Amino acid sequence: MRIILIGPPGAGKGTQAEKIVERHGVAHISTGDILRANVKAGTELGVKAKGYMDSGKLVPDDLIIEMVESRLQEKDCEKGFLLDGFPRTVPQAEALDQLLTRLNIALDGVILLDVDDETVVNRLSGRRMCRGCGKIFNVSYKPSSKGDICDSCDGQLYQRDDDHESVIRNRLEVYHEQTAPLVTYYLAREQLFKVDAVKGDDVPDKIDAIVGRS
Ligand code: ADP
Ligand code: ZN
């Protein structure tokens, strides 16, 4: 299985991606996660990316494309992959098309997780992450039974710098301007499948139905 998940920030890409990857045993390539790991490790890429990320802007295409190009050639991608958070711009999609052609790889489809802006703001502004184990909570939908302490590992919960409301609005604007055109791009190639992600529970089944069909 080789699929791309796209959708606005807060569409639940990370959560759905985990479920799909577990079910199908494919490699999970999250550009956001790779970037955050680089920021944490203080790599050259991380240093370059941090400022963009903290303000909700996109990291420049050339940095991202190079990063994904090397990741897609790692061994674990041979059994399939799920791209989460990439491509985010039309130039990234074009670069990916060229790369896949060169590697002789065909995609099964591009899944759009569809949610409205207000749902996005509510989900993200309430999101808290555990410093210890990375578990994701939401103060309204899925609070920790221990308040601001993780109920799995007792780690401290924190809010991502880019989950503050002003930054969320900025990320949504960036999404509508730069990522939404990908919908047109993949529709024109008959590769796009839209999945309603406001509820979220049955999203992996819907995706299986789509991928099984293609
Ligand atoms: P979300 O989907 O919740 O917005 P991610 O974890 O996917 O967040 O990404 C966090 C940040 O990392 C983005 O706001 C952006 O700065 C950067 N980023 C991740 N993927 C890309 C990409 N494909 N192109 C450019 N920037 C990216
Ligand atoms: Zn924890």
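Read-outs throughout are calculated quantities, based only on the coordinates presented, and are distinct from any laboratory measurement. Given the structure is predicted, the values throughout are model-derived calculations rather than measurements. Cβ: placed from backbone, ideal geometry, glycine included. Neighbour counts: every protein chain shown.
Which residue, 133, 150, 77, tops the fluctuation ranking in a GNM of the chain built on C-alpha contacts under 10 Å?
Result for the chain, Cα springs under 10 Å: 133 fluctuates most.
When a/c is below 1.5 the answer is rounded, else prolate if a/b is larger than b/c, else oblate, so apply that to the stretch 1-129 with a ≥ b ≥ c taken from the square roots of the Cα gyration tensor eigenvalues.
Here the stretch 1-129 falls in the oblate category.
Where a Cα-Cα gap under 12 Å defines reach, which aspartates and glutamates qualify for residue 142, not counting those fewer than 8 residues away within the same chain?
Straight-distance partners of residue 142: 151.
Give the distance, in whole Å, between the Cα centre of the stretch 50-112 and the Cα centre of the stretch 135-181.
For the stretch 50-112 versus the stretch 135-181, the Cα centre distance is 23 Å.
Pairs to check: 13/194; 13/199; 19/199; 19/135; 19/75; 50/75. Give those whose C-alpha atoms are more than 19 Å from each other in this structure.
19/75; 50/75
Lysines near residue 48 by alpha-carbon distance under 16 Å, same-chain residues fewer than 8 away left out - which ones?
Here the lysines satisfying the reach criterion relative to residue 48 are 40, 57.
Which one of 147, 25, 109 has the biggest mean-square fluctuation once the chain is modelled by GNM with Cα springs under 10 Å?
In the Gaussian network model the winner is 147.
Once amide H atoms are built 1.01 Å from N in the peptide plane, which residues 5 or more positions from residue 112, or in another chain, come under 5 Å H to H?
HN-HN under 5 Å from residue 112: 6, 193, 194, 195.
Roughly how big is the chain's charge dipole about its Cα centre, with Cβ charges of +1 (Lys, Arg) and -1 (Asp, Glu), in debye to the nearest 20?
The dipole magnitude comes to about 380 debye.
With n ≥ 4 as the cut-off for DSSP H runs, can you work out [θ] at 222 nm for the chain, using -39500 (n - 2.57) per run divided by the number of residues, rounded to the nearest 500?
That comes out to -14000 deg cm²/dmol.
³J(HN,Hα) across the stretch 131-144 via Karplus (A = 6.51, B = -1.76, C = 1.60, θ = phi - 60°), whole Hz, x for Gly/Pro?
5, x, 10, x, 4, 9, 10, 9, 4, 9, 8, 8, x, 6
Under 1.5 on a/c is rounded, so check that first for the stretch 129-214, then, if it is not, pick prolate when a/b is larger than b/c and oblate when it is not; a ≥ b ≥ c are the square roots of the alpha carbon gyration tensor eigenvalues.
oblate
Want the number for residue 122 to residue 140: 0.36 nm per residue separation, take away the alpha-carbon distance, what's left?
Residue separation times 0.36 nm, minus the Cα-Cα distance, leaves 5.6 nm.
How about residue 146: which aspartates and glutamates have a C-alpha closer than 13 Å to its C-alpha, ignoring those fewer than 8 places off in the same chain?
154
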